[in-house]
Each structure stands twice: as C-alpha cells, then as structure tokens.
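The values are calculated or read from the model by the stated rules, or taken from the named source; none is laboratory data. A quick note: this is a predicted structure, and the numbers were derived from the prediction, not measured. With ideal geometry, Cβ positions are generated from the backbone for all residues, glycine too; neighbour counts draw on all protein chains shown. Keep in mind that these areas ignore ligands, DNA and RNA; they rest on the heavy atoms of the full protein, side chains included. Shrake-Rupley method; radii C 1.70, N 1.55, O 1.52, S 1.80 Å.
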Amino acid sequence: MDVLVINGPNLNTLGTREPEIYGNTTLAVIEASLVAQGAAAGLDVDTFQSNHEGAIVDRLHAARSDGTRFVIINPGAFTHTSIAIRDAFAAVEIPFCEVHISNVHAREEFRRHSYLSDLAVGVLTGFGVFGYTMAMSFAVERLTA
Ligand code: DQA
C-alpha cells in the first residue's frame, strides 16, 4: 500500500475515551474515512492499531518491504516514552507525520516531549480528529505531485 495509518495504545477506545478531550468519533470511522480519502486520490491506505509497543515496531519493519511510502501515526502515550518506535522510524527511513487529537502542549508537562517529532516531516496536534484528515491531505499532495 501507499500510506500506512498507525494508532497506538488506547486509541481503539476512541468514541468513549475521555470524550471531552478526544471527541466522540470512533477509530473505525476515522480509519474508514482515511481509506476513502486516499482511494479518492488513487492511493492504497492500510490501517493498524496496537496497544503493544513491539507490535508497532514490527509493523514498521514490515512497512519497509510492503510498498509503504508514507506513514501517519498517532503514537498515543508511546509518543512520550518510546525510543524503540523512534529507532524503528530511523531504521526504515519512511517519511511520517505525527498526529495528536488533543493539543499536547496545552496539557500535562510530560506530554510536551515527543521522541518522534524531530524525525517527523511534520506534527499536527490539537485539531481533533480533523488532524488525521489534514495529514492524509498532505500525504496525497506529497505522493501524487
Ligand atoms: C494523544 C496524546 C497523548 O499524550 C495521549 O497519551 C494519547 C493520545 C492524542 O491523540 O492527543 O493517547 O496522542
């Protein structure tokens, strides 16, 4: 596929998880919308969610040989903890965009640091689930230009 959308821990509970912060949209709806958005531009989109750090590392390794040209990732709490996911991105050398539904800079201090941001092409934070749409628009622009 062309674009891989990865969601990290607890994002499978979107829709019911802290709706005042993350809204009411489920991950299934977000993923279906991104697949349709990519397809409308002629891109194949795959989606992956895991609560396990190693599973995300494994999926990134697989992305190196499955045709993935761009990754959109909301790493969830692994954003702030995972050197392993950072190293996986450095290893596979696939460009990526980091997305956060909430504005991580307007929350607890520990959410301000990301192990991924300096490797990312860009970061979208605080735009709600529309951040995923914005990231896919960027991917379409980049991959079809
Ligand atoms: C999040 C922000 C993270 O700090 C948090 O751990 C999440 C979701 C967001 O989308 O706003 O799980 O990545």
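For the chain, what is the accessible area per residue in Å², given a 1.4 Å probe and the full set of protein chains?
46
For the range 2-77, which trypsin sites (Lys or Arg not before Pro) pass both filters: DSSP loop (anything but H, G, I, E, B) and at most 16 other C-beta atoms within 10 Å?
ARG17, ARG64, ARG69
Which GluC sites (Glu not before Pro) in the range 16-120 pass both tests, a DSSP loop state and at most 12 other beta-carbon atoms within 10 Å? Each step should come with its number before you reach the end.
Numbers: sites: GLU20, GLU31, GLU53, GLU93, GLU98, GLU108, GLU109; in loops: GLU93, GLU108.
Sparse-neighbourhood loop GluC sites (Glu not before Pro): GLU93, GLU108.
Quick one: accessible surface of THR26, probe radius 1.4 Å, all protein chains present, in square angstrom to the nearest 10.
Accessible surface of THR26 is approximately 60 Å².
Ignoring ligands, DNA and RNA, what percent of the 1.4 Å accessible area of the range 1-81 is carbon and sulfur? Spell out each step's value before the answer.
Working: 1820 of 3540 Å².
Ligands and nucleic acids excluded, carbon and sulfur give 51 percent.
Hey, rough spin-label estimate for HIS105 and GLU18, points 7 angstrom out along Cα→Cβ, what's it come to in nanometres?
1.9
Tell me, rounded to the nearest percent, the portion of alpha carbon pairs in the range 1-78 spaced more than 18 Å apart.
The share of Cα pairs beyond 18 Å in the range 1-78 comes to 42 percent.
Where does the range 56-145 land on Rg(C-alpha)/(2.2 N^0.38 Å)?
Dividing the Cα Rg of the range 56-145 by 2.2 N^0.38 Å gives 1.06.
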